[in-house]
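Single-structure report; data block below.
The values are calculated or read from the model by the stated rules, or taken from the named source; none is laboratory data. In this text, all values refer to a predicted model and were calculated from it rather than measured experimentally. Backbone-built Cβ (ideal geometry, glycine too); neighbour counts: all protein chains shown.
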Amino acid sequence: MILTVGNTKGGVGKTTLAVNLAIERARAGRDVWLIDGDRQGTAETAISIRSEAGISPGIACSSFHDGPTLRAQVKLQGGKYDDIIIDAGGRDSTALRAALTLSDALIVPFAPRSYDVWALSDIAELVDEARSVRDGLSAYALLNLAEPKASSTDNSEAAAAVADFPQFEYLNTPLSRRKAFANAAGAGQSVMEIKPHDRKATAELQALISRLF
């Protein structure tokens, strides 16, 4: 599967999610390639930290910041891997557009904030463009950095707003705003590896992975 984690808006936890997904797929025995399509290079840095710490399994990671290079490399090397996770930059870029035309699925993380919900309209337009040239792209909206309290009205209102965008299927497996996610990714690990163990964060990520894969 080729899966892109992308949004035209930054600050939604995109890289943290991509790193966690890539590591957990590798821990499940899959041959995974993580592609960093963001010029900030945060995903590549996280995997470098993992490699330097000698954490197993290792994750193949490459950086392709422009669309033509990303497209060419995925077509050339993609057949070697079971899963390809693409971390696309938090803006409308050639890398994001290329990723959408290559992917089987897109996850659009968004936070429970009005301007994050409004920004879904931009990525929705890119999904329409990608589907016009490639059939079969599944697009999912994922509430990320959600309020930890399940009863939060911010969470429920943000989730309900996704209905205004028919391009997306809402994933009812939100990830809460927990330090464990960022701390783990910063150490080149997933929340299922890092110590001390955060059971709530682990359960949330497991629910998402079960839904996606």
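Structure values in brief
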item	result
Pairs, first surrounded by 20 or more Cβ atoms within 10 Å (Cβ to Cβ) in the stretch 96-113, second small (Gly, Ala, Ser) and in a strand (DSSP E or B), C-beta under 6 Å, six or more apart	Leu96/Ala88; Ala99/Ala88; Leu106/Ala139; Val108/Ala141; Pro112/Ala146
Test: residue in the stretch 168-175 that is under 24 Å from Thr101 (Cα atoms) and either in contact with a Gly (Cβ under 7 Å, 6 or more places away or on another chain) or touching a residue at least 60 places away in the same chain (Cβ under 8 Å) (or both)	yes
Single match in Ile123, Ile194 (criterion: under 22 Å from Leu96 (Cβ atoms) and either of a type outside the set (Ser, Thr, Tyr) or modelled with pLDDT under 95 (or both))	Ile123
Selection within the stretch 52-83 - among the small types (Gly, Ala, Ser) and exposed (fewer than 14 other Cβ atoms within 10 Å of the Cβ)	Ala53, Gly54, Ser56, Gly58, Ala72, Gly78, Gly79
Those strands (runs of 3 or more DSSP E) lying entirely in the stretch 86-187 with at least 2 residues of a type outside the set (A, V, I, L, M) and more than 30 Å from Ala53 (Cβ to Cβ)	138-143, 169-171
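Results for (1) touching a Leu at 6+ places or on another chain (Cβ under 7 Å); (2) among the charged types (D, E, K, R), shown as yes or no for each residue.
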| residue | (1), (2) |
| --- | --- |
| Arg134 | no, yes |
| Lys149 | no, yes |
| Thr153 | no, no |
| Glu157 | no, yes |
| Pro166 | no, no |
| Tyr170 | no, no |
| Ala185 | no, no |
| Glu204 | yes, yes |
| Leu208 | yes, no |
